[in-house]
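Laboratory data are not the source of any read-out in this text; all were calculated from the coordinates shown. Nothing here was measured: the structure is a model prediction, and the numbers come from that model. Positions of Cβ are generated from backbone atoms using ideal geometry, with glycine treated the same way; all protein chains shown enter the neighbour counts.
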Amino acid sequence: MPLIMPESEEMYAEAVRDTRITDDNIDSAKDLPIYVTNFIGSKQKLTDWIWLNTPEGVKSMLDAFSGSVVVGYMYKQKGLRVICNDRLKYCYHIARAIIVNNSVTLSKD
């Protein structure tokens with residue numbers, strides 16, 4: 001399957017729009033993960049664009065460079081089977097806590 005990239009700088013800018021919660025977007029904030037990381041290279045700002053460009057009917061996905069597992073977590077919330085991979089042991093532990101874990105719920109604290 002070919003990689004789908006934005007066709008223009010404007011589309012890219014829209015894909016990486018600021019995700020700060022404001023009065024204008026407070027209703028959509030409920031869809032954000034309850035955890036937010038300051039992981040370098042986080043794809044948090046790209047999750048809406050990634051989801052919009054996910055082919056219909058996909059039942060599993062590979063988060064090949066999972067990092068803070070923001071993309072994998074989004075797909076897990078949508079009901080897809082998620083496979084995570086990352087070279088860093090830190091990322092492995094995040095994936096086990098967020099993706100593999102189905103029994104412990106994290107609090108907002």
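Exposure proxy check: THR105, THR54 ranked by fewest other beta carbons within 10 Å? Show your work: numbers first, answer last.
On the way: THR105 7, THR54 15.
Lowest to highest Cβ neighbour count: THR105, THR54.
From most to least packed by mean Cβ count within 10 Å, the peptides 90-96, 58-64 give 90-96, 58-64.
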